[in-house]
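*Asks:* One structure coming up, written as structure tokens, with questions to follow.
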Amino acid sequence: MIFGAFERMLAMRYLRARRQEGFISVIAAFSLLGIGLGVATLIIVMSVMNGFRGELMGRILGLNGHAAVYSRTGYIENFDQAAVQVASIPGIFSVTPQVEGQAMLTVNGAASGAVVRGIRPSDLKAKRLIAEHVDAGSLDRFQGDDAVILGARLAQRLRVGVGDRVTLISPTSSVTVMGSVPRMKAYEIVGLFNVGMFEYDNTFVYMPLEAAQTFFKIGATVNALEVFTLDPEDIRRFRLPLLESLPPELYPVDWQQQNSSFFNALQVERNVMFLILTLIILVAAFNIISSLIMLVKDKNRDIAVLRTMGATRGMITRVFFMTGASVGVLGTAFGSALGLLFCENIEAIRQGLQNLLGVKLFDPVIYFLSKMPAEVDPWEVGSVILMALLLSFAATIYPAWRAARVDPVEALRYE
């Protein structure tokens, strides 16, 4: 073994400080606590940001598709034929024609803006994110020319439910003998969905494709094709095949192009948070250095006696290295367990603190999600643990070297 029984015994004895060494022990305890809290904080923050990105990506891609095909003229004619051409590309498993536009919802004097999407009933049922999160009503009634499905938060804000009727007002107007009047039509609410993302639950309205074509007066056309691939993370490899399969008037836009600034900002924030929180571990490592240097100064006489009894410089180095490294190992183990336990119960902890303090700690209006996600990446946890251990070990090198350089003659001269 690298460390002998005598070296381990002596290192553990130095960790258990006596009364006159209490101050050194306090510094070592704070070093252990600092490393533990730094490791735990890093694991928690990185896991929350991973969960946030994963949830956000899953919900954005679940509702919006991995790519979309638009027309330079604004409308796609013969869209079924274009959908078949796109679907023939290897790796693409679904292409959904849709009509998207903005409208105003009004009911009982209340009004709200909304994003209206026209989609075929079979395609809506194939959207698992919607089909599996219908809180009220049923997708079986999603048919005809007067049925709509609303986000649960939008319905709550307008104080409507399944069976109620809402009036949609189009932003474009119709020309009549009385002049231009806005187009409006009443629709029955046949279902409410709650996907857990505030922006969609508070804004989106779905209606059958034919009803949307009539409401927006675009005839037998659509204004977008939603494309779903087998691997959204590798969406770049579909850009050229999509361009080659489409006629000149159509062009594709994938999710990375649409949300590039948003996800780039998330990545930058994640990297900056990692660097900032690493400073907590670095400060704790400096505390290890200070406590070990004080311990070495206090144990000069002991070191001199050990040297005169035959202890080598290597033995002294290993004793003090083990003393400091033990603080780093224990702190890292404590922080890892605390961080993983916190991530496992993060939503329950948030709810408890929210009820205790009486404030919203994770407002869905700001953070887009209804609950706090945490996704633990084993590789990231391993890298955090490795970094904490390396910093802790590096912090012990200089004090251990100083201890080994103690001259027995000088240390015992005035004893």
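*Asks:* Which residues, counting only those in the stretch 40-64, are modelled with pLDDT under 80 and either of a type outside the set (Phe, Trp, Tyr) or in contact with a strand residue (DSSP E or B) (Cβ under 6 Å, 6 or more places away or on another chain) (or both)?
*Replies:* Those that are modelled with pLDDT under 80 and either of a type outside the set (Phe, Trp, Tyr) or in contact with a strand residue (DSSP E or B) (Cβ under 6 Å, 6 or more places away or on another chain) (or both): 53, 54, 55, 56, 57, 58, 59, 60, 61, 62, 63, 64.
*Asks:* On to the next question. What single numbered condition from (1) among the polar types (S, T, N, Q); (2) open to solvent by 60 Å² or more (accessible area, probe 1.4 Å); (3) over 23 Å from the mean Cα position of the chain (by Cα) fails to hold for residue 257?
*Replies:* Unmet for residue 257, out of (1) among the polar types (S, T, N, Q); (2) open to solvent by 60 Å² or more (accessible area, probe 1.4 Å); (3) over 23 Å from the mean Cα position of the chain (by Cα): (3).
*Asks:* Counting residues that are aliphatic (A, V, I, L, M), closer than 29 Å to residue 53 by Cβ and modelled with pLDDT of 80 or more, which helices (runs of 4 or more DSSP H) fully inside the stretch 299-415 reach at least 2?
*Replies:* Where helices (runs of 4 or more DSSP H) fall fully within the stretch 299-415 and carry at least 2 residues being aliphatic (A, V, I, L, M), closer than 29 Å to residue 53 by Cβ and modelled with pLDDT of 80 or more, they are 313-344, 378-404.
*Asks:* While we're on this one: Just one of 115, 69, 45, 86 is aliphatic (A, V, I, L, M) and within 19 Å of the chain's Cα centre (by Cα); which is it? Talk me through it step by step, then tell me what you get.
*Replies:* Numbers: 115 fails: within 19 Å of the chain's Cα centre (by Cα); 69 fails: within 19 Å of the chain's Cα centre (by Cα); 86 fails: within 19 Å of the chain's Cα centre (by Cα).
From the options 115, 69, 45, 86, the qualifying one is 45.
*Asks:* Something else about it: Within the stretch 222-234, is there a residue that is of a type in the set (Val, Ile, Thr), under 13 Å from residue 118 (Cβ atoms) and in contact with an Asp or Glu (Cβ under 7 Å, 6 or more places away or on another chain)?
*Replies:* The answer is no; no qualifying residue exists.
*Asks:* Still on this model: Mind telling me which of the residues 162, 166 ends up being farther than 25 Å from residue 228 by Cβ, in contact (Cβ under 8 Å) with a residue 60 or more places away in the chain and not small (Gly, Ala, Ser)?
*Replies:* 166
*Asks:* Identify the residue in the stretch 164-221 that is under 24 Å from residue 153 (Cα atoms) and among the basic types (Lys, Arg) and, among all such residues, is modelled with the highest pLDDT.
*Replies:* Selected residue: 165.
*Asks:* Which one of the conditions (1) within 22 Å of residue 219 (Cα to Cα); (2) in contact with a Leu (Cβ under 6 Å, 6 or more places away or on another chain); (3) of a type in the set (D, E, K, R) does residue 135 fail to meet, given that it meets all the rest?
*Replies:* (1)
*Asks:* If you don't mind, another one. Of the residues that sit in the stretch 41-76 and are among the charged types (D, E, K, R) and open to solvent by 40 Å² or more (accessible area, probe 1.4 Å), which one is nearest to residue 380 (Cα to Cα)?
*Replies:* Per the stated criteria, the residue is 53.
*Asks:* Let me ask something else about it. From the list 265, 285, pick out the single residue that is in a helix (DSSP H, G or I), under 23 Å from residue 46 (Cβ atoms) and touching a residue at least 60 places away in the same chain (Cβ under 8 Å).
*Replies:* The match here is 285.
*Asks:* Is the stretch 128-137 home to any residue that is part of a helix (DSSP H, G or I), open to solvent by less than 70 Å² (accessible area, probe 1.4 Å), free of Cβ contacts under 8 Å to residues at least 40 places away in the same chain and not charged (D, E, K, R)?
*Replies:* Start the filter on the stretch 128-137 by keeping residues that are part of a helix (DSSP H, G or I), which leaves 128-131.
Now drop any that are not open to solvent by less than 70 Å² (accessible area, probe 1.4 Å), which leaves 129-131.
Keeping just the survivors that are free of Cβ contacts under 8 Å to residues at least 40 places away in the same chain gives 131.
Going one step further and asking which of them are not charged (D, E, K, R), we end up with 131.
For the stretch 128-137, residues part of a helix (DSSP H, G or I), open to solvent by less than 70 Å² (accessible area, probe 1.4 Å), free of Cβ contacts under 8 Å to residues at least 40 places away in the same chain and not charged (D, E, K, R): present.
*Asks:* Still on this structure: With 319, 296, 305 as the choices, which residue is open to solvent by 40 Å² or more (accessible area, probe 1.4 Å) and in contact (Cβ under 8 Å) with a residue 60 or more places away in the chain? Show your work before the answer.
*Replies:* Details: 319 fails: open to solvent by 40 Å² or more (accessible area, probe 1.4 Å); 296 fails: open to solvent by 40 Å² or more (accessible area, probe 1.4 Å).
Unique residue meeting the criteria: 305.
*Asks:* Could we say that residue 328 is open to solvent by less than 50 Å² (accessible area, probe 1.4 Å), more than 23 Å from residue 45 (Cα to Cα) and in contact with a Ser or Thr (Cβ under 6 Å, 6 or more places away or on another chain) here?
*Replies:* In short, no.
The values are calculated or read from the model by the stated rules, or taken from the named source; none is laboratory data. Remember, predicted model here, so these are calculated numbers, not experimental data. Cβ coordinates were reconstructed from backbone atoms using ideal geometry, including for glycine residues, and neighbour counts include every protein chain displayed. Side chains included, ligands, DNA and RNA excluded: accessible areas come from the protein's heavy atoms. Shrake-Rupley method; radii C 1.70, N 1.55, O 1.52, S 1.80 Å.
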